[in-house]
Amino acid sequence: MEQIELFHVQSPCRGICQSSNKGFCKGCLRSREERFHWHEMPDEDKRKVLTLCKNRWQRLLKAKQDRFAAESQTNLPYGMLADDGPEIEPSADLFGFIAKEDDKDVSEKVAK
């Protein structure tokens, strides 16, 4: 039994309407044929096109994230890796001395 559709599938057009190098609209990511025949398509085909657009968008975001990660790796100085976080240094006291475990025992004895 076929389900009755109450609403028509809206066009994903965002009003940008520029083609990319691969022939997809930069705004909605539809191909030329998908844009030109949108009003003639049945709702089922429109939903398929929307799924394709969603998949294209996800691939585009993934490519941008990969490109950003590669650029950030190349911009780090001295061969550092992005996973290298700042090392936690021991805290210094008022005069710039770094307290060690042995020094803490001595300072406790002096304080008494």
* If you add up the charges near residue 64, with Lys and Arg at +1 and Asp and Glu at -1, over every other residue whose beta carbon is less than 14 angstrom from its beta carbon, what do you get? -> +3
* Asked: How much net charge surrounds residue 35 when only the other residues with a Cβ under 15 Å from the Cβ of residue 35 are counted, with Lys and Arg +1 and Asp and Glu -1?
  -> +4
* Output ³J(HN,Hα) for the stretch 54-69: one whole-Hz value per residue in order, computed from phi by the Karplus curve 6.51 cos²θ - 1.76 cosθ + 1.60 with θ = phi - 60°, and x for Gly and Pro. => 4, 5, 4, 4, 5, 5, 5, 5, 4, 5, 5, 5, 5, 5, 5, 5
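Within the stretch 1-64, how many Lys pairs that are eight or more residues apart, or on different chains, come under 15 Å at the alpha-carbon?
Total qualifying Lys-Lys pairs in the stretch 1-64 comes to 4.
We did not get these values from a lab; they are worked out from the coordinates using the rules stated. Note that the structure is predicted; figures quoted are calculated from it, not measured. Ideal geometry is used to build each Cβ from the backbone, glycine not excepted, and the neighbour counts take in all protein chains shown.
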